[in-house]
Structure formats: structure tokens, C-alpha cells
Amino acid sequence: MKVLLLGGTGQLGTALQSLLRGECLAPSHADCPLADPDALRRLCDQFGPEVILNAAAYNRVDLAESEPDAAWRVNALGPRLLATEADRLGATLVHISTDHVFAGPPGPSVPGSSLAHPGWRESDPPSPASVYAVTKLAGEHFVRAASPRHLVVRTCGLYGPARSPGKGNFVTTMLRLGRERGEVRVVDDQVCTPTSAADLAASLVALLHHSQGGLFHMTNSGQTSWCEFAREIFRQSGDAVRVVPISTAQFAAPARRPAHSVLACDRLTAVLGQPPRDWRIALGDYLSTLRTGGS
Ligand SMILES: NC(=O)c1ccc[n+]([C@@H]2O[C@H](COP(=O)([O-])OP(=O)(O)OC[C@H]3O[C@@H](n4cnc5c(N)ncnc54)[C@H](OP(=O)(O)O)[C@@H]3O)[C@@H](O)[C@H]2O)c1
């Protein structure tokens, strides 16, 4: 399978490159900026991919509030261009999206408190509430409209090693702040599913071999608040760090984030024949990687 991978230096892209068998071309950001039609067409004509995998994105959720044009170019117009190219080549387009498309309260069809919410399903109507989320949702729509063979995969709370220099994630940031300060303040009223980039990449590759199309939710299993996620990081790392719960209002980030963005992965489980691993087990593997010199 000939795969053209965009965003190969990011967390997911790095994990994908270590898994993809066969021919995989992963141009750098500089060699193929998303939304540059000429560079993309040249690459597509030279390489002739059967699959275009888009792991590239404008991911700076807070900065996007003041840079909406840049976010739109990468997250919406980029995927539109990829979809047009994929259609022209008869290739499959795999595009990654986000839990941030669900910013509303858990749907009315789901009884009980938000913590008991089993997760948003692919059929639930999105409710994006930030520039990042709106641009990512627009990207989904462009892909679904322009590329007959597509997989749109929403994920959540991603962490993993990345080849891009200086790239951190929630886990490495917590470890660093914990060691520097002995105390971290983390929001306790946003519930998500932390997801290992390595597990996401493995599920994506497995899904590709099942020749399925359409929209999929893909995370690790389980759910937690960001504050409990931080506590679990320190419990497993053995670092004695005080974790202070704070509210979203106290954190006062520029962009609004989902209060509850757990994604139900039933469709994925049905296709792959097993549910994703528990997020705590996947986290343990990543912390082991960090101990042995990964990033
Ligand atoms: N991180 C999360 O918590 C999270 C949560 C939910 C969904 N997602 C989605 O999951 C996907 C993968 O995320 P990730 O965390 O692996 O991303 P990441 O680590 O931030 O990597 C992003 C990649 O995109 C490249 N890139 C950025 N702008 C580009 C442009 N204009 N043209 C070409 N390449 C560009 C980056 O290259 P350079 O580094 O060289 O600029 C990097 O390789 C994204 O679609 C993201 O929206 C992420």
C-alpha cells in the first residue's frame, strides 16, 4: 500500500511512520505545506499514493482564537485540497479530527450525570465552540463532501513521542512542571479520554486493512478529568507532586474547551473485534518509553 503521510513529524505521524509497512512518503511541513495546491499535486503525481493520510493540523487551540485565518487554511482548506486530490487519483483519504467538535453538554438521549455519559457517537450532532473546533469540523465536511473514499477519524487527548523538535504534550508537560515546581494546578471539570498516539496509529492501520469508510471515533477506553489524568501520571511515574484541582473558569484559557468530550468507540470495536485498551495501561507504556529515553 502506497501511503502519502502529511504531518509525519507530529505525535500521530511519528507513530504511524513506525508502523506503516510498504511504501510511505512523508514530506516535511516545508516540502508540502497543507493548502499549497502545487506542491501537493506535484507530490501526488510523482508518488501516486493509494492512501493519503492527513495527520497534519493547526493544533494550537488557544492561539487559533487570534489566528483564525491560519487555522482555517490548515484545518479546513488543507483537507479540502487533499480530498480533491484523493478523488482525482482514486485514492482513499484518511483524515484526523477532534473531540472538540462536541462542546455542548452530553446529549439529551443519554440519562444520568455527565460522568456516566457513555460518550458521543458518530451520529450525534456536533457543537463546536472554538475557532479550532469550527475549522476542524469544516475540514471533516470538506473531506466527506469531496472524497468518495474517505475515513474521518475523531480522537481525543493525544500524547506520544514526536519527531518535531520541542514538541511537548500533556504528559511531558506535567512531568516537567511537577519536577520544577512540586505542584501543578489542573482543571477538574473537563472529562476526556487520554489517548496514546501509538494505540491510535495501530487502530488506524488495522482499520485501513478492513476497507471500511465513513466517520469513526477512535480513542483509548475509559474516561477521566484532566486533573485525574495528571494524578495518574504522577502515580505511575512515582513523582511526589501535589495536584491541585481548579475549574475551567479559574484556568481562563482563551479558547472554550469541551466539558465532556468522551467519544464512544462502539463502531470501531465492532469492526476491529475488540475494544481499545484502557487509557491507564496505554499511559504506562508511554511512561516506560520516556524512562528508556523516548520523548
Ligand atoms: N493533540 C491532541 O491532543 C489531539 C486531540 C484530538 C485530535 N487531534 C488531532 O489529531 C491529529 C494529529 O495530532 P498530533 O497531536 O499528532 O499533531 P501534532 O503533534 O501537533 O503534529 C502536527 C503535524 O502537522 C504538521 N503541520 C502543521 N501545520 C502544517 C502545515 N501548514 N502544512 C503541513 N504540515 C503541517 C506539523 O509539522 P511541523 O511540526 O513541522 O510544523 C506536524 O508534523 C490532528 O488532526 C489533530 O487535530 C489531536
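Here are some notes:
Each row is one residue, and each column tells you yes or no for (1) farther than 19 Å from residue 97 by Cβ; (2) touching a strand residue (DSSP E or B) at 6+ places or on another chain (Cβ under 8 Å); (3) charged (D, E, K, R); (4) modelled with pLDDT under 95.
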| residue | (1), (2), (3), (4) |
| --- | --- |
| 184 | yes, yes, no, no |
| 200 | no, yes, no, no |
| 215 | no, yes, no, no |
| 221 | yes, yes, no, no |
| 253 | yes, no, no, no |
| 280 | yes, no, yes, no |
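- Looking across the stretch 143-166 at every residue that is crowded, with 22+ Cβ neighbours inside 10 Å and either of a type in the set (Lys, Arg) or more than 10 Å from the ligand (Cβ to nearest atom) (or both), the one that is nearest to residue 207 (Cα to Cα) is identified as 151.
- Flag if residue 119 is crowded, with 19+ Cβ neighbours inside 10 Å, at positive phi and modelled with pLDDT of 95 or more: no
- Any pair with Cβ under 9 angstrom, 6 or more apart, that starts in the stretch 161-186 at a residue that is of a type in the set (Phe, Trp, Tyr) and outside any loop (DSSP other than H, G, I, E, B) and ends at one that is modelled with pLDDT of 95 or more and within 10 Å of the ligand (Cβ to nearest atom): 170/157; 170/158; 170/159; 170/194
- The requirement of being assigned to a helix (DSSP H, G or I), more than 16 Å from the ligand (Cβ to nearest atom) and farther than 20 Å from residue 158 by Cβ is not satisfied by residue 231.
- Only residues that are in a helix (DSSP H, G or I), within 14 Å of the ligand (Cβ to nearest atom) and among the basic types (Lys, Arg) were counted in the stretch 54-94, giving 2.
- Any chance residue 3 is surrounded by 15 or more Cβ atoms within 10 Å (Cβ to Cβ), farther than 30 Å from residue 255 by Cα and touching a Pro at 6+ places or on another chain (Cβ under 7 Å): yes
Okay, residues lined up against (1) surrounded by fewer than 20 Cβ atoms within 10 Å (Cβ to Cβ); (2) in contact (Cβ under 8 Å) with a residue 12 or more places away in the chain; (3) polar (S, T, N, Q):
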{"position": "41", "(1), (2), (3)": "yes, yes, no"}
{"position": "45", "(1), (2), (3)": "yes, no, no"}
{"position": "50", "(1), (2), (3)": "yes, yes, no"}
{"position": "59", "(1), (2), (3)": "yes, yes, yes"}
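- When the stretch 6-21 is filtered for residues that are part of a helix (DSSP H, G or I) and surrounded by fewer than 23 Cβ atoms within 10 Å (Cβ to Cβ), the ones remaining, listed by number, are 17, 18, 19.
- Residue count for the stretch 207-228, restricted to those that are over 30 Å from residue 149 (Cα atoms) and in a strand (DSSP E or B): 2.
- One residue from 76, 103, 35 being surrounded by fewer than 23 Cβ atoms within 10 Å (Cβ to Cβ), modelled with pLDDT of 95 or more and farther than 24 Å from residue 211 by Cα: 76
- Residue within the stretch 232-253 that is of a type in the set (Phe, Trp, Tyr) and either within 19 Å of residue 151 (Cα to Cα) or touching a Phe, Trp or Tyr at 6+ places or on another chain (Cβ under 7 Å) (or both) present: no
- Among the residues of the stretch 31-63, those that are within 16 Å of the chain's Cα centre (by Cα), closer than 21 Å to residue 148 by Cα and hydrophobic (A, V, I, L, M, F, W, C) comprise 53, 55, 56.
- Qualifying residue in the stretch 96-103 (condition: without any contact (Cβ under 8 Å) to a residue 60 or more places away in the chain, under 17 Å from residue 137 (Cβ atoms) and outside any helix (DSSP H, G or I)): yes
- The combined condition, being in contact (Cβ under 8 Å) with a residue 60 or more places away in the chain, away from the ligand (no atom under 13 Å from the Cβ), in a strand (DSSP E or B) and among the β-branched types (Val, Ile, Thr), is fulfilled by residue 244.
- In this structure, residue 262 does not satisfy being over 30 Å from residue 135 (Cα atoms), crowded, with 18+ Cβ neighbours inside 10 Å and in contact (Cβ under 8 Å) with a residue 12 or more places away in the chain.
The values are calculated or read from the model by the stated rules, or taken from the named source; none is laboratory data. As the structure is a prediction and not an experimental result, all values here were calculated from the model. When we count neighbours, we look across all protein chains shown, and the Cβ atoms used for this are built from the backbone with ideal geometry, even at glycine.
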